[in-house]
Amino acid sequence: MSFWYPVDTELVLASKSPRRTEILNFAGVPHLIHPSSVDESSMEGIPEDIVIHWAVAKAADVALKFPDHPVLGADTMVFRDGVLLGKPEDTEQACEMLKSLSGRWHTVYGGVALMWQNKGLSFSFAEATRVKFRHLSDSEIRAYIATGEPMDKAGAYGIQGQGCVLVEKVEGCYFNVMGLPVSRFLSRFRDSIS
């Protein structure tokens with residue numbers, strides 16, 4: 001058991017995201033992976049509310065199957081000037097997204113929810129991190145898209161991969177951009193059981 005993780009019971013991660021698994025491994029959190037079957041659809045509203053909604057939905061879905069374990073649901077979205085940038089559908093859309101981020105700030109919102117049914121424990125929160133891209137040339141954008149990395153990521157980039165070279169500044173939690181604001185999550189978990 002990690003000295004940061006506050007209980008002896010394994011966490012269940014309601015996500016197939018390799019990045020969230022990597023973050024939990026970094027923090028030494030013992031966990032199982034059981035992706036949620038929740039089918040996300042587009043929503044209108046405040047970004048913080050949207051990411052919390054989906055994080056709670058994912059945690060609730062998996063908590064039914066693992067009532068004896070704490071279940072973690074998470075969601076990440078990228079917004080630029082009030083516009084949601086999800087995962088690109090094709091290389092053309094990835095190119096448009098990256099051009100729109102070039103030289104500009106955007107905000108990554110992370111929603112986190114924990115549910116532990118048999119303990120009657122639950123909490124959720126949203127985290128916002130501002131990210132600024134450096135100015136990108138068309139050839140740089142094309143070369144990055146050719147790596148394949150942008151195609152399964154919100155905003156068409158992964159800060160923890162080759163996309164790190166696109167980023168000029170980060171204000172807030174780096175791990176939130178990667179997929180899980182782990183420090184705040186573990187602090188809330190410890191506080192909720194103390």
query = What helices (runs of 4 or more DSSP H) lie completely within region 129-194 and have 3 or more residues being within 19 Å of G28 (Cα to Cα) and either modelled with pLDDT of 95 or more or not hydrophobic (A, V, I, L, M, F, W, C) (or both)?
reply = 174-178, 182-193
ask   = Residues in region 76-95: is at least one in a strand (DSSP E or B), of a type in the set (G, A, S) and either in contact with a Gly (Cβ under 8 Å, 6 or more places away or on another chain) or within 30 Å of L11 (Cα to Cα) (or both)?
value = no
message = Which residue is surrounded by the most Cβ atoms within 10 Å (Cβ to Cβ), if the candidates are limited to region 1-44 and must be touching a His at 6+ places or on another chain (Cβ under 8 Å) and part of a loop (DSSP other than H, G, I, E, B)?
response = A14
message = What's the number of the only condition in (1) in a helix (DSSP H, G or I); (2) under 21 Å from T21 (Cβ atoms); (3) modelled with pLDDT under 95 that I50 fails to meet?
response = (2)
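Do we find that K58 is charged (D, E, K, R), under 25 Å from G172 (Cα atoms), touching a residue at least 40 places away in the same chain (Cβ under 8 Å) and touching a Ser or Thr at 6+ places or on another chain (Cβ under 6 Å) in this structure? Talk me through it step by step, then tell me what you get.
Working: charged (D, E, K, R): yes; under 25 Å from G172 (Cα atoms): yes; touching a residue at least 40 places away in the same chain (Cβ under 8 Å): yes; touching a Ser or Thr at 6+ places or on another chain (Cβ under 6 Å): yes.
Answer is yes for this residue.
I'm checking my understanding of the structure. Among residues of region 72-85 that are more than 16 Å from E149 (Cβ to Cβ) and surrounded by 15 or more Cβ atoms within 10 Å (Cβ to Cβ), which one is farthest from the chain's Cα centre (by Cα)? Spell out how you get there, then give the answer.
Here is the first cut: in region 72-85, the residues more than 16 Å from E149 (Cβ to Cβ) are 72-75, 77, 79-84.
Subsequent filtering for residues that are surrounded by 15 or more Cβ atoms within 10 Å (Cβ to Cβ) retains 72-75, 77, 79-80, 84.
Numbers: L72: 12, G73: 10, A74: 6, D75: 5, M77: 7, F79: 13, R80: 16, L84: 14 Å.
Result: R80.
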key: Yes/no for V62 being at pLDDT 90 or above, more than 19 Å from N176 (Cβ to Cβ), crowded, with 22+ Cβ neighbours inside 10 Å and not aromatic (F, W, Y)   = yes
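The values are calculated or read from the model by the stated rules, or taken from the named source; none is laboratory data. Not measured: the values here are computed from a predicted model. Heads up, the Cβs are rebuilt from the backbone with ideal geometry, glycines too, and the neighbour counts pull from every protein chain shown.
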